[in-house]
Amino acid sequence: MFRDVFDCESYSLVNKSLTYGSREAHTLGRRKKDVAQSFGVRSEWDGTPPLKVLQFLRKFAKACDDNDVSEAEAFFMLQDFTKEPLRSEVMSVMPSRHGGNPVPAKIVVNNPMFRDVFDCESYSLVNKSLTYGSREAHTLGRRKKDVAQSFGVRSEWDGTPPLKVFQFLRKFAKACDDNDVSEAEAFFMLQDFTKEPLRSEVMSVMPSRHGGNPGREYYHTGEVNSYLELINWMLRYHADEASLAAQVEEFNRATQTPGY
């Protein structure tokens, strides 16, 4: 008797699109107002009584369907139909609303000399904000141009040679820091500083580039959801300790003074 009400798919939307880019971010405010008219102005829920959650979710889903809101848009809307103390609880688990920046599992290396270059935090930015809303989406194009001036116009990387990944990430992080770019903005920028075949590889793991909705999740297992996760993916994809050690050894042999 209770299966349907406890099944998340019972609250799924008709529009199952997971696309959330600059266009969606730019129109999110207006779309929220449309949903609010259907949902009921000043009808936000504070989390009490707890079992009202079933009614709240049905009502929110219907208001979204009435306005052809996608599941990607609804993901970023729901918190605005809550009020304290529930709103803080919802915001605390949203990927773009954290004050901190969760660090993915680090790549384990045996040689202490290589730890820093394989540590994603070595490429973290000064501006660690994870806020990415309509304002950030609207200015992203201009911000990319500023970063490109620091990074070097037409300096995109195609993924070869693989060990150039360290130089590429250092250069990208510095260009972002030079322009006070946040980690949220850099997450959506990095792919534009690559070229084929690497660009397609990067885009394939970005959360907003997938169609369909397997598993009813907005972020699918195995995708990157933050700047540091993307950096970690880049490192794992291109480099390994053995290859780097071999290159260092080759360099040392080539530069060793004869008879030294």
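Anything in the chain that counts as a DSSP H helix reaching 18 Å or more along its axis (C-alpha) with Kyte-Doolittle mean of at least -1.0? List them, would you? Spell out each step's value before the answer.
Working: long enough: 22-39 (25 Å, -1.29); 53-66 (19 Å, 0.05); 134-151 (25 Å, -1.29); 165-178 (19 Å, -0.02); 241-255 (21 Å, -0.37).
Span-like helices in the chain: 53-66, 165-178, 241-255.
Note the full-extension length gain between N111 and S200 as 0.36 nm times their separation in residues minus their Cα-Cα distance, in nm to one decimal.
On the way: separation 89, 0.36 × 89 = 32.04 nm, distance 3.20 nm.
Gain on extension, N111 to S200, equals 28.8 nm.
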Amide H neighbours of W45 under 5 Å, counting only residues 5+ apart in sequence or on other chains, H built in-plane at 1.01 Å? T82, K83
On a full-extension model of 0.36 nm per residue, what is the gain between S243 and S12, subtracting their alpha-carbon distance, rounded to one decimal in nm? 78.5 nm
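At 1.4 Å probe size, put I107, I231 in order of accessible surface, largest to smallest.
Values: I107 35, I231 0 Å².
I get I107, I231, largest accessible area first.
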In sequence order, calculated HN-Hα J values of the range 105-114 (Karplus, 6.51, -1.76, 1.60; Hz; x Gly/Pro): 4, 6, 6, 7, 10, 8, 7, x, 5, 9
Could you please report the charge total around R135, scoring K, R as +1 and D, E as -1 over all other residues with beta-carbon less than 13 angstrom from its beta-carbon? 0
Ranked packing of 73-82, 127-136, most packed first, by mean Cβ within 10 Å: 73-82, 127-136
A chain fully extended from D34 to S122 at 0.36 nm per residue, minus the present Cα-Cα distance, gains in nm 27.3 nm
Listed values (1) 20.1, 65; (2) 22.3, 85; (3) 17.6, 50, entry calculated as Rg and Dmax of the Cα atoms in Å: (2)
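Pop out the carbon and sulfur fraction of the accessible area of the chain as a percent, whole number, probe 1.4 Å.
Working: 7710 of 14790 Å².
Carbon-and-sulfur percentage of accessible area, whole number: 52.
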Could you run the Karplus curve 6.51 cos²θ - 1.76 cosθ + 1.60 with θ = phi - 60° over the range 78-84 and give me ³J(HN,Hα) per residue in whole Hz, x for Gly and Pro? 3, 4, 7, 10, 10, 9, 4
Any of K32/K59; K16/K195; K144/K171; K52/K128; K33/K128; K16/K62 with alpha carbons more than 25 Å apart? Name them for me. K16/K195; K52/K128; K33/K128
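The values are calculated or read from the model by the stated rules, or taken from the named source; none is laboratory data. Small disclaimer: the values here were computed from a predicted structure and weren't measured. Cβ: placed from backbone, ideal geometry, glycine included. Neighbour counts: every protein chain shown. With ligands, DNA and RNA removed, areas are computed over all heavy atoms of the protein, side chains included. Shrake-Rupley method; radii C 1.70, N 1.55, O 1.52, S 1.80 Å.
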